[in-house]
Amino acid sequence: MSEQGDPGVPETGEAAAQPAPLRVFLVDDHAMFRAGVRAELGGQRPPDTSESGREPIELDVVGEASTVAEAVRQILVLRPDVVLLDVHMPDGGGRAVLEAVRREGGGATAVRFLALSVSDAAEDVIGLIRAGARGYVTKSISSQELAAAIRRVADGDAVFSPRLAGFVLDAFAARPDAPVADPELDQLTTREREVLRLLARGYAYKEIAKELFISIKTVETHVSNVLRKLQMSNRYELSRWAADRRLV
Amino acid sequence: MDIAASPSPRLYRSREHRLAAGVAAGIAAHLGLPVLAVRAVFVGLLGFNGLGVLLYAIFWAVLPVDPAGGPDRAESRRVLPLLGFAGLALVVLVFRALTVDDQPATAALGWLTALIAVGAGIIWHQTSGAATTRRPAGSGPELGNGAGGNAWLGAVLTETGRRAYLLRFIGGGGLIAVGMIGLVAFFAPVGGGIAATMNGLLFALLALSGVALVSAPLLWRIFGALREEREARIREQERAEFAAMVHDEVLHTLALIQRNAESGSTVYRLARAQERTLRNWLYKPTGSPSERLSAALEQAAGEVEDAYGITVEVVLVGSDAEVGVGDRVQALVAAAREALVNAGRHAQVATVSLYAEVEPDQVNVFVRDRGVGFDPTQINGGRHGVRGSIVGRMERHGGSAKIISSAGEGTEVRLWLPLRATPATATTGTAAADPEEGTA
């Protein structure tokens, strides 16, 4: 997973002055849900005031798949910018898709994954993030928010729902101040913790920036760092976290 | 009743490809080996003092017939392969008799035991065949009344009658007697002083094992039936619980949604309430609102959702297992509920966030909406709800509440409650440690 040690690289999004539409791919075993998302994303004109102040980019749903095998095959062929990934599918689910694309696409895949699930069970969410998804939102999200989340993920930022922020806080909160083997990697800084707390409280990135007197860019960097640490934090941490919650 | 097959595949006697009793075919199917190989092993084991026959008889007695094995059908032209195997067995025996010449005593013992086993088996299966094949295929209701002693009676009385019953025990007893007499006759000439005692012991032991051999299949089958019955009952119970849940909640909600299809807010409220119920049912460990803070907060959030048609996103961090729900925590929950109610009533938003963080020595709860907001300085004087139900309530219980709002920016209510402190000492703590300094 070293290819994505890229905390906050928003240059790609801004370098392209008049960008091509973002290519989005849908993976979900419910045809009805796919149709709904496709209609909502397709029919959605980006609002003028994008949250982060960037020029809004159009979204183009280039394909969809209902099974893991089909999804992997099509993603490798189509190379979309962002894949919306369901967590639970009959034949393995989002994690299998993510891992297969990573494996077969090699290090060259610039495809980014955003988990979009009806499940908000902690193990599903954290598991997918650890496998390399750039964010996680629940299916109850509004279409504007979903579009904004897709754009943010395509830009290299992480997208955290309040609930995901809560899970992460939980995962790292076992012993906040105790020294660990590799504090750089495993612990969140005070600032990152503050950002996560505000996220969990339902603040938008913009509101967090205002609250903490920092720029939105800085907020996004903090969130990306949290994501990176989450993917890289050791197995011991995860197993203890799971055991604490009686997940194992 | 096809909810789930038993997790590990059971070993059954096969009905379809059997030559004799279907033991070899069943084992072959279970292990994924060719049937011929298993049969060859049995024949080969014959060479070891009849071990093959003995093993076959034991498997025969112990294994149930495959309930999903299709029709009870023997392999066609069964005489020919049987003859083949009999010939092979003869070859093995002759070969063994010619090459190895070990103690005749153990050989005789082995063969006699095998003979007894086969005799008991034949008589047993000849009479109880109908009962054994029907039983595993029987469903819950049929076995439902056969708990405890009833099953015992059932197993005995479902036999084809008194005659078969007698035949079995007389035949089994006769076989045992023959076996024992043979053994005694064989061993008696060897006897000396201590050897005579040994023979006596052996005699008793043989009698016991003979009885066990005759009755073991019965016991085994009864336990099997009981086990199956219990599993079926558990499955049935789970299914019934699920069906009741779907019937009581989901179907009614769907019916209500159909009838209120033109009222968007009603449909939303119903769907949201149902989603919450199902979610709790699927993912959440059952916790009572009077025992766990998280359950209490979620219940409060659910009530507000239903009453005001909004969505409350509940996020809880930290373990609330040790917190308990005493008076003070209940006050915290009530204050949070009041904050949610205010948001639902005045904020004009669809979504409200509720974030609770449990730390070892304190609990923080934040209720946040992005609605119209208000100017706290203008309202604080007159509004009883905010002052009495939120701020006053928290202060009475040793915590504190703070309301941040401005027009257009939404509202956040911050509640703080110290744990493991009496209200008296906590009031001094309130001034010393303002929770807002820690988080914002």
Of the residues in the range A:113-125 that are surrounded by 19 or more Cβ atoms within 10 Å (Cβ to Cβ) and touching a Phe, Trp or Tyr at 6+ places or on another chain (Cβ under 6 Å), the one that is nearest to the other protein chains (Cβ to nearest Cβ) is A:122
Please determine, by comparing only the residues of the range A:151-173 that are over 21 Å from residue A:187 (Cα atoms) and touching a Leu at 6+ places or on another chain (Cβ under 6 Å), which one is farthest from the other protein chains (Cβ to nearest Cβ). A:154
Residue B:268 vs (1) open to solvent by less than 60 Å² (accessible area, probe 1.4 Å); (2) within 14 Å of another protein chain (Cβ to nearest Cβ); (3) within 29 Å of residue B:347 (Cα to Cα): all pass except (1)
If you check residue B:302 against the conditions, is it without any contact (Cβ under 8 Å) to a residue 12 or more places away in the chain and more than 14 Å from chain A (Cβ to nearest Cβ)? no
Residue under evaluation residue A:107, criteria (1) away from chain B (no Cβ under 14 Å); (2) outside any loop (DSSP other than H, G, I, E, B); (3) at pLDDT 80 or above, criterion not met: (3)
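Table: residues versus (1) more than 14 Å from chain A (Cβ to nearest Cβ); (2) touching a helix residue (DSSP H, G or I) at 6+ places or on another chain (Cβ under 9 Å); (3) surrounded by fewer than 22 Cβ atoms within 10 Å (Cβ to Cβ).
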| position | (1), (2), (3) |
| --- | --- |
| B:319 | no, yes, yes |
| B:334 | yes, yes, yes |
| B:337 | yes, yes, yes |
| B:340 | no, yes, no |
| B:345 | yes, yes, yes |
| B:356 | no, yes, no |
| B:361 | no, no, yes |
| B:367 | no, yes, no |
Can you tell me which residues in the range B:321-332 are in contact (Cβ under 8 Å) with a residue 60 or more places away in the chain and surrounded by fewer than 17 Cβ atoms within 10 Å (Cβ to Cβ)? B:327
Out of A:101, A:97, which single residue is in contact (Cβ under 8 Å) with a residue 40 or more places away in the chain, of a type outside the set (S, T, N, Q) and touching a strand residue (DSSP E or B) at 6+ places or on another chain (Cβ under 9 Å)? A:97
Top-ranked residue in the range B:26-61 [being open to solvent by less than 50 Å² (accessible area, probe 1.4 Å) and closer than 24 Å to residue B:223 by Cα; ranked as modelled with the lowest pLDDT]: B:61
Counted residues in the range A:63-102 being among the basic types (Lys, Arg), assigned to a helix (DSSP H, G or I) and surrounded by fewer than 17 Cβ atoms within 10 Å (Cβ to Cβ) come to 1
Extreme residue, nearest to residue A:121 (Cα to Cα), among residues of the range B:271-297 that are open to solvent by 50 Å² or more (accessible area, probe 1.4 Å) and part of a helix (DSSP H, G or I): B:283
With respect to residue A:193, determine if the residue is at pLDDT 75 or above, of a type outside the set (A, V, I, L, M), out of contact with any Gly (no Cβ under 6 Å at 6 or more places or on another chain) and crowded, with 21+ Cβ neighbours inside 10 Å. no
What single numbered condition from (1) over 26 Å from residue B:321 (Cα atoms); (2) of a type in the set (Gly, Ala, Ser); (3) at pLDDT 85 or above fails to hold for residue A:166? (1)
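The values are calculated or read from the model by the stated rules, or taken from the named source; none is laboratory data. The structure displayed is predicted, hence computed values, not measured ones. Glycine also receives a Cβ, built like all others from the backbone with ideal geometry; neighbour counts cover every protein chain displayed. In case anyone asks, the SASA skips ligands and DNA or RNA and just uses the protein heavy atoms, side chains included. Shrake-Rupley method; radii C 1.70, N 1.55, O 1.52, S 1.80 Å.
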